Amino acid sequence: MSGALILQDLRIDQGTTPVVALNQSVAPGEVLTIMGPSGSGKSTALSAILGTLAPAFRQQGRIILAGRDITALPPHQRRVGLLFQDDVLFPHLSVGANLAFALPPTIKGRAARRALVDAALDQAELSGFASRDPATLSGGQRARVALMRTLLAQPCALLLDEPFSRLDASLRSQIRSFVLSRIRQKGLAAILVTHDAEDAHAAGGPVISPLGQPVTL
Amino acid sequence: MIWGGPLRWAPRFTLALLVVPVAAGLLGTLIPAFSNDAKGFRALVEWPGLWPAVRLSLGTGLGATALSLAITLLLVASLWGTRLFALILHLLAPLLSVPHAAAALGLAFLIAPSGWIARLLSPWATGWTQPPDLLILNDPYGLSLTLGLIAKEVPFLFLMALAALPQTDIARRMQVAHSLGAGKIAAFAVAVLPGLYRQLRLPVYAVLAYSMTAVEMAMILGPTRPATLSAQVVIWMADPMLTAQATAAAGAVLQLCVVIAALLLWTLVERVARRALVRLAEAGVRAHALDAFARGAALLTGGLTAGALILGLAGLAVWSLAGLWQFPDVLPQSLSLRTWMRAAPDLVSTGAVTVMIAATATALSLALVIACLEAEQRFALSPRGAALWVLYLPLLVPQVAFLPGLQGAALRSGVEGHWLAVAAAHLVFVLPYVFLSLAPAYRAWDGRIATAGLALGASPARVFWRLRLPMLLRPVLTAAAVGVAVSVGQYLPTLLIGGGRVETLTTEAVALSSGGNRRLIGAYALLQMLLPALGFALALLLPALAFRNRRGMAVAT
C-alpha cells in the first residue's frame, strides 16, 4: 500500500499568477516540507493533491501515487490522507464511530471492525475511549484520535496541514514525534505544510517553497 | 468534474418548478380576462366598489408594509445587543408559526365590540353592559386588517433581518459609529441600515405583495362593502354565474397591476430614502436625544404587536373551552370540553388531511432544497442573483393573480379536488420558505468536515448521509417545521386547487369565521396553530435528544 508520491510538473495558476510549481518525488517514509508565509499557496498545493481544488484555479501536470495516476480521480478514490490544523473530529459521532468511519468497506463484520478500532485506540494509549464524546477529550487526545482515524483509512500518502500549530509547546513535540514515527513505520510518503522551522527540522526531509525553491532553515 | 448525474440539474429543475406554475397560472388568468372583447374588464369598471377596493388594497398594503418595516428596524436598532433582544429571539419562532387565519381570528376576538379589550374595560370604564354597536372589526378603512397584517409581518421581517445581520458586520460598524460620536439610532441608520436593507429588500417586497392581496385576513378582519380587491375577486370566483368568472379574472389582472405599481412606488421611495440617509451622514447627525424615544417606541410597538398576537391566541383557547361566557365577564363562568368533544370527529379528519398535505409538500420541498444546496456545494456553483428572484416569485406575484389560472388547468386535467394536487400547489409556496430557512446553515457548514470525510475514502454520497445530514439535523428539522407552518396556513391554494372539496383546518376556520360560533372557531383556529407549534417543538426536541451526549453539537449561545 505504500509507494512514492510524484508531483510531475504540478503547476497551479490563479488567473495569470503562478501559486504552485512543484516537480518533486517523495519516497515512502519520507516527509517533504513546504514552507512559506500564509497565502503563499501551501494549502493550494495540498488541495490539488487531495482533489479539492476550487474551480478558480487552473491546474497542470500530473500527480502519481504508488504508480497510479490520481490527477483526475475524485478525492475519495485517491487514498491520500489528511491531517488538519485542528483535529476535525466529527462532533456527532463517538470516538469509536469516528475511527470506524475511516475503515475501508472491504473490512466486513462488526467484530472485525470493532477489533481494528480498539487496536488503534490501544496504539494511541486511549484504550476504552470508544464510546466517549470527542468534545470531552483533551487536545492531545483529540490529535492522536485524528491521526489514528487517518491511518485506519489505509492511505498511500499523508498530507499534514500545519497539524501541530494549534498545540501548546509541551504537547507539540510529543504529538509531532508520534505522527512522524507512524509515517516512517507505515512507510507513507508525506508532505508537511508549515511555517514553523522546528517542524520542518524535525520532519527531516527536503524543505521547499510552494514554487519549488529550496528553503534554508 | 467527473461526477454529476441528476443532482447537477436539481437547481434548474427546482427553479422551473416555481416558474412554470406561476407563469402558466398567470396566462390562465390573462386569457379569460381579455376574451370576449374583454367583457370582464367592462363589468369590472362598472362595479361601483372598484375604486374603494383598489384604494383599500393600496392603503392597507403600503401601510402595513411601511409600519412593519419601521417597527422591525426600530426593534433591531434600539434593542440589538441587549438582553431583551435575546428574549425576542426565543419568541420569534412560535410567533412566526402562527397561521395568518389563526392570527386574524385571535385578533378579531380581541378587538371586537364583545372582545376581550371591551370586556376588560367594561362596565367600569365604558359603562357598557351590552357589547356596543361599533364597527371595529371589518372597519371601512381597513385599520383592523392593517393591524392584523402588521402583527404577522413584523416577526417575519425581524427573522429576515436577523439572518441578514451577520453579513452587515453590525458589531464593528456600530462601534465605529459610536466612537465617532453618533447615537444608537443615528449609528444604525448611517452605518448598518444600507447594508441591512439591501438584504431585506426581497422580503419587504414579498410582504408588500402579500399585504396588498391577503385574502383570508381580509375576509376575517377587512371591510366588507366593498371588500379589498383580492377578497372581492375570490367572492366573484365563487359566484355560480359564469359571467362573474370573467370579472374575477379581470379583477385579478388589475390586482396584479396594482401590486406592480405599488412595488414601483416603493422602489421610488427607496431611492429618496437612500439620498436622505446620505445627507444625514454628511450632516454628521448624532441624534442622541432620539435614542430614548426610539427605544420607547420600539418597546411599545413591538410589545403591542406581540401582545396582540399572544392575547388573541389565548382568547381563541379560552373560547374553545368556554361554557357560559356573558358580556362583560372577563372570563367564562365555567370551562368545558364540550366544544372539543362534539367537534372531535371533524377536527380529527380535517386535521389528518391538513397534516397529510403539509407532510407531502414539506417532504418534497425539503428533498428538492437539499438537492439544490448539495449540488451547489459539490459542483461549487455560485447562484446568480436571478435565482433569488425566482425563489421569491411565488411570494411576489399575488396569489389571486395566478391561482385561478392554475385552478383552470387543474380542472381541465382532472386533478382538481385531490389532496395531492393541493399538496403540489402548496409546494410552490412552501419551497421558497424552506430554502430561505435552510440555506444559511447549509452554506455555513464547516467544509473541512467534508474534506476530512473524502480524504478518509468516503464517497460524496457517504459524506452527505453520514456527516452532513446528521450534523445539519437541527436546521433541517427547523426548515421542515417552517414548511409545515407555511402549508398549514395556506388558504387560497387549498380552496381553489381543492375545488372546495379538500377541507383543511385553515379553510374550515375561515369558513366558520363568518358564522357566530366562537367556541368552534376557537377550536379550529387553535388546532390550526398547534400543528405548526408541534412541528417547531419537535425540531427543538429531537436534535437535543439525539445529541444529548455530544457537547460539540450543542446550540451555540
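The values are calculated or read from the model by the stated rules, or taken from the named source; none is laboratory data. Remember, it's a predicted structure, so these values are computed and weren't measured experimentally. Ideal geometry is used to build each Cβ from the backbone, glycine not excepted, and the neighbour counts take in all protein chains shown.
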Exercise. Go through the stretch B:274-333 and give me each residue that's in contact with a Pro (Cβ under 7 Å, 6 or more places away or on another chain) and either at positive phi or at pLDDT below 85 (or both).
Key: B:A322, B:G323, B:L324, B:W325, B:F327, B:P328
Exercise. Evaluate the following for B:A455: is it buried (at least 21 other Cβ atoms within 10 Å of the Cβ) and away from chain A (no Cβ under 14 Å)?
Key: no
Quiz item: Quick one: which of B:V476, B:V463, B:V428 is free of Cβ contacts under 8 Å to residues at least 60 places away in the same chain and either crowded, with 21+ Cβ neighbours inside 10 Å or under 24 Å from the mean Cα position of the chain (by Cα) (or both)?
Solution: B:V463
Quiz item: Any idea which of (1) over 17 Å from B:A358 (Cβ atoms); (2) of a type in the set (D, E, K, R); (3) in contact (Cβ under 8 Å) with a residue 60 or more places away in the chain is the one B:E503 doesn't satisfy?
Solution: (1)
Practice problem: Answer yes if at least one residue in the stretch B:253-268 is small (G, A, S), part of a loop (DSSP other than H, G, I, E, B) and in contact (Cβ under 8 Å) with a residue 12 or more places away in the chain, and no otherwise. | Solution: no
Exercise. Answer with yes or no whether A:A200 is assigned to a strand (DSSP E or B), under 19 Å from A:Q24 (Cα atoms) and among the aliphatic types (A, V, I, L, M).
Key: no
Practice problem: Working carefully through the options A:L82, A:L137, A:L50, A:L73, find the one that is within 13 Å of chain B (Cβ to nearest Cβ) and closer than 22 Å to B:A546 by Cβ. | Solution: A:L137
Quiz prompt | Which numbered condition A:I191 fails, given (1) within 14 Å of chain B (Cβ to nearest Cβ); (2) touching a residue at least 40 places away in the same chain (Cβ under 8 Å); (3) not in a strand (DSSP E or B) | solution = (3)
Quiz item: So B:L411 fits all but one of (1) within 11 Å of another protein chain (Cβ to nearest Cβ); (2) in a helix (DSSP H, G or I); (3) more than 22 Å from the chain's Cα centre (by Cα); what number is the exception?
Solution: (1)
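Quick grid of which residues meet (1) under 30 Å from A:L103 (Cα atoms); (2) not in a loop (DSSP other than H, G, I, E, B):
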site: A:L159; (1), (2): yes, yes
site: A:S165; (1), (2): yes, no
site: A:R172; (1), (2): yes, yes
site: A:S177; (1), (2): yes, yes
site: A:R182; (1), (2): yes, yes
site: A:L217; (1), (2): no, no
Quiz prompt | Pair list, Cβ under 6 Å, 6 or more apart: the stretch A:142-169 residue closer than 18 Å to A:L65 by Cβ, other residue charged (D, E, K, R) | solution = A:P155/A:R79; A:C156/A:R79
Quiz item: Has the stretch A:141-153 got at least one residue that is assigned to a loop (DSSP other than H, G, I, E, B), modelled with pLDDT under 95 and either closer than 26 Å to A:S47 by Cα or aromatic (F, W, Y) (or both)?
Solution: yes
Quiz item: Which one of these is closer than 24 Å to B:L324 by Cα, within 24 Å of the chain's Cα centre (by Cα) and away from chain A (no Cβ under 14 Å): B:L526, B:L540?
Solution: B:L526
Practice problem: Return the only residue of B:L143, B:L157, B:L121 being surrounded by fewer than 22 Cβ atoms within 10 Å (Cβ to Cβ) and either touching a strand residue (DSSP E or B) at 6+ places or on another chain (Cβ under 9 Å) or within 18 Å of B:M212 (Cβ to Cβ) (or both). | Solution: B:L143
